[in-house]
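Bear in mind that the values in this text are calculations on the coordinates, not laboratory data. Bear in mind the structure is a predicted one, so any value in this text is a computation, not a measurement. Please note: Cβ atoms are built from the backbone with ideal geometry, for glycine as well, and neighbour counts cover all protein chains shown.
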Amino acid sequence: MNTETKYLGLHLKNPIVVGSCGLTADVDKMVQMEQAGAGAVVVKSVFEEQIIHDIKRNTHMVAPTDSYGDSYEYIAQHVADDSMERHFSMIREAKRRLTIPVIGSINCFSYENWLTYAQKFEEAGCDALELNMAILPYETSLSADDVERTFSQVITTLRKSISIPISIKVGTYFTDMAKQMQQLSWMGIQGVTMFNKSVEVDIDIENECLKNASFLSNPEDMYKTLRWVAILSKKMRCDLSASTGVYTAADVVKMLLAGATTVQVVSCLYKNGIDTIRELHEGLTAWMERKGYNAISDFRGKLAVMPAEKASVAMRTQFMKYFAEIV
Ligand SMILES: Cc1cc2nc3c(=O)[nH]c(=O)nc-3n(C[C@H](O)[C@H](O)[C@H](O)COP(=O)(O)O)c2cc1C
């Protein structure tokens with residue numbers, strides 16, 4: 001039974017990837033993930049806000065910011081470099097101790113920093129880089145064109161500046177999801193991760209303030225991902241990694257049948273432990289054996305919407321089957 005696969009041009013022993021999260025900021029845990037059978041890991045993202053927070057905290061600890069005069073820029077750069085260096089030394093250690101691919105991850109909001117940080121990830125030895133570009137279009141002044149321009153500027157610049165494979169992790173807020181995803185896949189990137197799950201906001205009615213809702217996904221959340229993977233996998237010119245709501249081996253099989261190249265798991269590891277990876281892998285191989293499949297390529301994309309087929313027709317047929325029983 002061969003569960004090997006190629007993802008972002010990298011060789012994976014199976015398609016189960018641990019998505020970026022707090023667990024992948026710890027090399028010992030990443031080693032456990034490899035031992036449990038993970039195909040690759042995406043390291044915890046570096047967020048630009050986090051670097052800025054470090055700069056503010058560290059400079060304030062020494063003196064008020066306005067007392068630095070001309071030296072502020074220099075000191076801020078030093079703190080930023082130090083903060084990044086801690087992350088890169090973790091990545092270098094992960095590369096030393098793991099044999100599976102180690103994928104870096106960044107999330108920036110300023111154009112220049114995407115470039116600076118991406119180059120440093122390549123120097124640190126990452127096998128690939130996932131750009132967390134799950135843009136939440138909060139601002140009323142932000143148009144769909146603005147969002148598209150951000151994607152194309154960042155991807156075009158980074159594609160020219162680094163040579164490791166690039167994947168883009170996206171959210172679900174697009175006015176024209178199918179078209180956007182297809183166009184992204186034509187920009188020289190190697191993969192798209194669908195979808196990031198952003199932290200939901202809740203309200204504490206006693207204290208009358210905003211608070212975070214649970215940041216872990218639920219198993220039902222996988223249906224949104226499954227739909228879009230099935231619609232897009234045959235229409236993209238790059239790999240598709242299915243993320244959000246993958247909890248069981250059956251979910252892994254479904255995503256692969258829909259055409260995903262890999263699946264990413266996070267919440268299920270938080271809820272059920274790192275060893276769940278082993279169960280997912282064993283479940284996948286047991287299913288392949290039962291079905292008589294020798295390799296992932298024997299069935300991957302079998303239930304994807306084909307390029308010649310209209311997604312709207314395929315999806316509407318399902319809808320009519322359920323509600324009208326006319327087909
Ligand atoms: C505790 C936690 C931390 C996360 N940190 C990151 C992160 O740093 N970068 C990122 O791209 N996604 C991050 N995510 C999102 C996950 O990678 C993933 O996209 C999301 O949790 C949905 O997958 P799941 O249903 O398997 O949890 C985080 C998720 C959790 C639960």
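The table below lists the values:
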{"read-out": "Inter-part distance where segment 203-220 and segment 130-161 are each reduced to a Cα centre, Å", "value": "27"}
{"read-out": "Rotationally averaged projected area of the chain (alpha carbon convex hull; nm²)", "value": "20.6"}
{"read-out": "Positive-pole candidate from 115, 196, 297, dipole of the chain, charges at beta carbon", "value": "297"}
{"read-out": "Relative contact order, percent, the chain [alpha-carbon distance under 8 Å, six or more residues apart]", "value": "18"}
{"read-out": "Alpha-carbon centroid distance for the pair segment 1-40 / segment 275-299, whole angstrom", "value": "16"}
{"read-out": "Loop-resident sites, segment 91-142, for GluC sites (Glu not before Pro), counting at most 15 other Cβ within 10 Å (DSSP)", "value": "139"}
{"read-out": "18 Å Cα-Cα reach of residue 160 towards lysines, excluding residues that sit fewer than 8 places from it in its own chain", "value": "120"}
{"read-out": "Extension gain (nm, one decimal) between residue 215 and residue 313, 0.36 nm per residue minus Cα-Cα", "value": "31.8 nm"}
{"read-out": "Segment 198-239: proportion of alpha-carbon pairs further apart than 11 angstrom, %", "value": "73"}
{"read-out": "Trypsin sites (Lys or Arg not before Pro) lying in DSSP loop within segment 247-317, provided at most 14 other Cβ fall within 10 Å", "value": "302, 310"}
{"read-out": "Listed pairs 95/271; 6/254; 13/197; 6/234; 44/179; 169/197 exceeding 20 Å between Cα atoms", "value": "95/271; 13/197; 44/179"}
{"read-out": "Dipole in debye (nearest 20) - the chain, about Cα centre, beta carbon charges: Lys, Arg +1; Asp, Glu -1", "value": "1620"}
{"read-out": "Longest segment of the chain lacking chymotrypsin sites (Phe, Trp or Tyr not before Pro) that sit in a DSSP loop with at most 14 other Cβ atoms within 10 Å", "value": "216-327"}
{"read-out": "Most fluctuating residue given options 258, 250, 242, as computed from a GNM of the chain linking Cα atoms under 10 Å", "value": "250"}
{"read-out": "GluC sites (Glu not before Pro) restricted to DSSP loop in segment 161-234 with at most 10 other C-beta within 10 Å", "value": "200, 206, 208"}
{"read-out": "Selection from 265, 173, 141 lying farthest towards where the dipole of the chain points positive, charges on Cβ", "value": "265"}
{"read-out": "Positive-end extreme of charge dipole, the chain - chosen from 106, 248, 2 (charges on Cβ)", "value": "2"}
